[in-house]
Every structure is written in structure tokens, then in C-alpha cells.
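All remarks here apply to the structure that follows.
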Amino acid sequence: MNTKKAKAVLTSAVLVGALMLSGCGGQPIGGSQTSSPENSGSASRVEVPAGDLASDVLANLETDPELAERVPESIKSKGLIVATADGYPPMEMFDTDGETMIGVDMSLARALAAMWGVKVVIENSDQNAMVPGVASGRFDMVISGLNDTEARREKVAFVDYAKSAGAFVVASGNPKNIETPADLCGKTLAVLDNGFYMQLAQTYSSDCAAKGEPEVTIMGFANDPEALLQLKNGRADAGMNDFPVAQYRVTQSEGALEAIEISGEALFGIGIAPTDDELISLTQDTLNQMMTDGTYADILEAWDLGDMAVDEATVNKGN
């Protein structure tokens, strides 16, 4: 299996989010932010936060008349209501004001709204409330670094928009020699207690048992910083997260941690109610247009996440 270590390079995204970083999993603050386009002909100028690294791209986007015509009336009237969860940098995090949400996912949400000629309302939600909130109609979509998985597709449909590689987070120097999932047998792993990586950890543990080796001891926590704390204090041998997030955590660790990429790829998806065929199709077509005209690549590159790019937005193609 090929692995690679994350380089602890302090990027501009780190500088933006370092002071106001809070726990992954989206501790609810009850806050939301609204960006309103000011339409002048075909131009759409969204309100872009100071910390949005894709601000130059977003400032030049124009409303696409054909796409705008297809926007559901409810979104035209109330805006695009997007659920996300803070503490998952560089996907989503607070700007330095401690209130405004930024990150590559938020840049994409603002780009969708700009091209549709509507305002966007970003709701910082609890991790466990986002998918049910979309299913119930509280939110139009969730954009929050969610992996498109079979279990989640029981409640929402996914418009897949980026590659998602996983990573182990280990102590610097990797003293427990954790390079592959098989190396976790008999060791302790700290992860978020509700999500893709908990499911993956349980799969790894079952694989160990099937081979007659000790199972993985799995510690579940409400947010990513709590999980990583177990690694730092020696209670856990490794953590696990999406590679961009793991890499970001390494840059914040002052040399205490490193990330080991896990072979294989998943897909990040925008979650939408499975019955909302109109919005699913519109979102997919808009992303594909952004991929064709270069907007999508420019946004990812602005956040130094060009390696996450996919060639086409698809629907429900995750593992």
C-alpha cells in the first residue's frame, strides 16, 4: 500500500483558521450567515468574508440566466439554506471573527448561490442534525465534508464533488509503525463517534478478528480535537480523518503529529433530499458547468486542495 506523510507546511488557510478553530463535529452555536447577491443585469456579487481564500473567484462570478430559471421557487424566495458544521478545516471553519463560516465547502456554496442569483444562508449545525435536517426540509442541502456512503444514502442523495482520501494521524516519527489498516490490530484508535470513520474503524477491527488477531480498541468522541487529545496524551495510538483535515491538524501540532495517507478514495458529496430531483439535477449541472469553465478548479486551488478535484459531478457514486 502506498502511503505518504503530510508535510507540515503552514499555509494561508492555517493562518486564517488557527485562532478560532473549534471542535470538529460542529458544536452548535445557533448562528448563521447570509450572503446576498446584488443583481445588475447578469452580474451576481455575493458578500464574501475576508477570510475566504477564494474571494477573488467568487467576486467575479455572474448569475447564469438558464440556471437561475431552474431554481426552485422556495429557494428564490428564502435563499439557499445550507447546513454545515464548524471545526473541520480547511473544509469548513470559522473566520477570525469567530462567527462567519469559511472553507472550501463554503466557497462552493457561495458559488452555487451566485450562479443561481439567490442569497445563501449558512447554518452552523450539530453534526448529527445536518442529514436529518435536510431530510425534513429544514435545510436545502448539507455541504460539510460528508462522505457519500450507502448508509447515508438511506436519508439523502449526494451530488459528489470531490475526492476524499483518509489518513491516520500518529505521533511524530510514527512510533507504533502504523502505515496500513492491518497495523491497527491490537492498538487503540480515537475517532469521531458518529460518522464515516467510526464505521471504517469498526470494519478494520472486524478484519483483524477475522484474521485471528486482536481487535482494534475504538474510542469515540464528539469532536475531532477531543479525539486527537487522546493521541497526544498517550491514551490512543492513532486518530483517523480525511487527509486534508489530518494534514491541517499536523500543521497545528508544532511538530507533535504526522499524517499517513490511507490508500483508496471515497467521495465528498452535497447532501440533498432524495425526492428533490429538481435541486439534485440543478446542483449537478451547476457544478459540472463550474468544472468546465474553470471556476471549480480555481476554488479548490485557492484553498490548496487541487488534488481533491474530480472530472465530473456525479450522483450517489460513493462507496
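Go through (1) free of Cβ contacts under 8 Å to residues at least 12 places away in the same chain; (2) touching a helix residue (DSSP H, G or I) at 6+ places or on another chain (Cβ under 7 Å) one by one and return the number of the condition E154 breaks.
Condition not satisfied by E154: (2).
Only residues that are open to solvent by 20 Å² or more (accessible area, probe 1.4 Å) and under 20 Å from A129 (Cα atoms): list them for the stretch 64-87, please.
I81
Take N241 and tell me if it is within 27 Å of A109 (Cα to Cα), outside any helix (DSSP H, G or I), in contact with an Asp or Glu (Cβ under 9 Å, 6 or more places away or on another chain) and of a type in the set (S, T, N, Q). Before you say what the answer is, go through the steps one by one.
Details: within 27 Å of A109 (Cα to Cα): yes; outside any helix (DSSP H, G or I): yes; in contact with an Asp or Glu (Cβ under 9 Å, 6 or more places away or on another chain): yes; of a type in the set (S, T, N, Q): yes.
Judged against the criteria, N241 is a match.
Would you be able to tell me the number of residues in the stretch 262-275 that are open to solvent by 40 Å² or more (accessible area, probe 1.4 Å) and either among the polar types (S, T, N, Q) or at pLDDT below 95 (or both)? Lay out the reasoning, then the answer.
Looking only at the stretch 262-275, we keep the residues that are open to solvent by 40 Å² or more (accessible area, probe 1.4 Å), and these are 263-265, 274-275.
Retained after the next criterion (residues that are either among the polar types (S, T, N, Q) or at pLDDT below 95 (or both)): 263-265, 275.
Matching residues across the stretch 262-275 total 4.
Quick check on the stretch 119-140. Is at least one of its residues within 24 Å of D298 (Cβ to Cβ) and without any contact (Cβ under 8 Å) to a residue 60 or more places away in the chain?
no
Within the stretch 53-92, how many residues are outside any loop (DSSP other than H, G, I, E, B) and on the phi > 0 side of the Ramachandran plot? Write out each step before concluding.
Of the residues in the stretch 53-92, the ones outside any loop (DSSP other than H, G, I, E, B) are 55-59, 62, 65-69, 73-78, 80-84, 88, 92.
From what is left, the residues that are on the phi > 0 side of the Ramachandran plot are none.
Going through the stretch 53-92 one residue at a time, the tally reaches 0.
Hey, could you check the stretch 286-318 for residues that are among the hydrophobic types (A, V, I, L, M, F, W, C) and farther than 13 Å from S107 by Cβ and say which is surrounded by the fewest Cβ atoms within 10 Å (Cβ to Cβ)? Please lay out each step first, then the result.
First pass over the stretch 286-318, keeping only residues among the hydrophobic types (A, V, I, L, M, F, W, C): 287, 290-291, 297, 299-300, 302-303, 305, 308-310, 313, 315.
The next check asks that each one be farther than 13 Å from S107 by Cβ; those that pass are 291, 309-310, 313, 315.
Values: M291: 17, A309: 15, V310: 18, A313: 22, V315: 19.
Looking at residues that are among the hydrophobic types (A, V, I, L, M, F, W, C) and farther than 13 Å from S107 by Cβ, I get A309.
Would you mention how many residues in the stretch 199-212 are open to solvent by less than 30 Å² (accessible area, probe 1.4 Å) and either within 26 Å of V142 (Cα to Cα) or part of a strand (DSSP E or B) (or both)? Steps first, answer last, please.
Just the residues of the stretch 199-212 that are open to solvent by less than 30 Å² (accessible area, probe 1.4 Å), to begin with: 201, 204-205, 208.
Filter again for either within 26 Å of V142 (Cα to Cα) or part of a strand (DSSP E or B) (or both), leaving 201.
Summing the residues that are open to solvent by less than 30 Å² (accessible area, probe 1.4 Å) and either within 26 Å of V142 (Cα to Cα) or part of a strand (DSSP E or B) (or both) in the stretch 199-212 gives 1.
Which condition number in (1) assigned to a loop (DSSP other than H, G, I, E, B); (2) within 30 Å of K155 (Cα to Cα); (3) touching a residue at least 40 places away in the same chain (Cβ under 8 Å) is the one that D285 fails?
(1)
State which residue is farthest from S77 (Cα to Cα) when the search covers only the stretch 126-139 and only residues that are crowded, with 24+ Cβ neighbours inside 10 Å and of a type outside the set (V, I, T). Outline the logic, then answer.
Here is the first cut: in the stretch 126-139, the ones crowded, with 24+ Cβ neighbours inside 10 Å are 127, 130, 134, 139.
Subsequent filtering for residues that are of a type outside the set (V, I, T) retains 127, 130, 139.
On the way: Q127: 27, M130: 22, F139: 14 Å.
That would be Q127.
Name the residues in the stretch 213-243 that are open to solvent by less than 70 Å² (accessible area, probe 1.4 Å) and over 27 Å from the mean Cα position of the chain (by Cα), would you? Give the steps one after another, and end with the answer.
Of the stretch 213-243, the ones open to solvent by less than 70 Å² (accessible area, probe 1.4 Å) are 216, 218-225, 227-228, 230-231, 234, 236-243.
The one that is open to solvent by less than 70 Å² (accessible area, probe 1.4 Å) and over 27 Å from the mean Cα position of the chain (by Cα): G234.
In the stretch 89-103, which residue that is within 15 Å of P244 (Cα to Cα) and out of contact with any strand residue (DSSP E or B) (no Cβ under 8 Å at 6 or more places or on another chain) is surrounded by the most Cβ atoms within 10 Å (Cβ to Cβ)?
The qualifying residue surrounded by the most Cβ atoms within 10 Å (Cβ to Cβ) is P89.
Could you please find all residues in the stretch 288-305 being in a loop (DSSP other than H, G, I, E, B) and within 24 Å of Q247 (Cβ to Cβ)? Can you show your working first?
First, the residues of the stretch 288-305 that are in a loop (DSSP other than H, G, I, E, B): 294, 303-305.
Residues satisfying the conditions are W303, D304, L305.
Just to be sure before I move on: is E278 at pLDDT 95 or above, within 23 Å of I102 (Cβ to Cβ) and acidic (D, E) in the structure I sent?
So E278 does not fit the description; no.
What is the one condition in (1) at pLDDT below 95; (2) within 30 Å of A165 (Cα to Cα); (3) out of contact with any Ser or Thr (no Cβ under 6 Å at 6 or more places or on another chain) that N60 does not satisfy?
Going through (1) at pLDDT below 95; (2) within 30 Å of A165 (Cα to Cα); (3) out of contact with any Ser or Thr (no Cβ under 6 Å at 6 or more places or on another chain) one by one, N60 breaks only (2).
Is one or more of the residues making up the stretch 244-251 touching a strand residue (DSSP E or B) at 6+ places or on another chain (Cβ under 7 Å) and open to solvent by 10 Å² or more (accessible area, probe 1.4 Å)?
Kept after step one, since they are touching a strand residue (DSSP E or B) at 6+ places or on another chain (Cβ under 7 Å), are these residues of the stretch 244-251: 245-247, 249-250.
Cutting the leftovers down to open to solvent by 10 Å² or more (accessible area, probe 1.4 Å) gives us 247, 249.
Yes, the stretch 244-251 contains a residue that is touching a strand residue (DSSP E or B) at 6+ places or on another chain (Cβ under 7 Å) and open to solvent by 10 Å² or more (accessible area, probe 1.4 Å).
Tally time: how many residues in the stretch 244-270 are in a strand (DSSP E or B) and over 19 Å from M93 (Cβ atoms)? Show your work before the answer.
Going residue by residue through the stretch 244-270, those that are in a strand (DSSP E or B) are 257-261, 266-270.
From what's left, over 19 Å from M93 (Cβ atoms): 258, 260-261, 266-267, 269.
Matching residues across the stretch 244-270 total 6.
Which of the residues belonging to the stretch 281-317 are at positive phi and modelled with pLDDT of 95 or more?
The first filter runs over the stretch 281-317 and keeps only residues at positive phi, leaving 294, 304, 316.
Of everything in the stretch 281-317, those that are at positive phi and modelled with pLDDT of 95 or more turn out to be G294, N316.
Taking the conditions exactly as written (under 17 Å from the mean Cα position of the chain (by Cα), closer than 18 Å to S281 by Cβ, among the aliphatic types (A, V, I, L, M) and modelled with pLDDT of 95 or more), does L108 satisfy them or not?
Numbers: under 17 Å from the mean Cα position of the chain (by Cα): yes; closer than 18 Å to S281 by Cβ: yes; among the aliphatic types (A, V, I, L, M): yes; modelled with pLDDT of 95 or more: yes.
It is true that L108 is under 17 Å from the mean Cα position of the chain (by Cα), closer than 18 Å to S281 by Cβ, among the aliphatic types (A, V, I, L, M) and modelled with pLDDT of 95 or more.
The values are calculated or read from the model by the stated rules, or taken from the named source; none is laboratory data. Keep in mind it's a predicted model, so treat the numbers as computed, not measured. Backbone-built Cβ (ideal geometry, glycine too); neighbour counts: all protein chains shown. Ligands, DNA and RNA are excluded from the accessible area calculation, which covers all protein heavy atoms including side chains. Shrake-Rupley method; radii C 1.70, N 1.55, O 1.52, S 1.80 Å.
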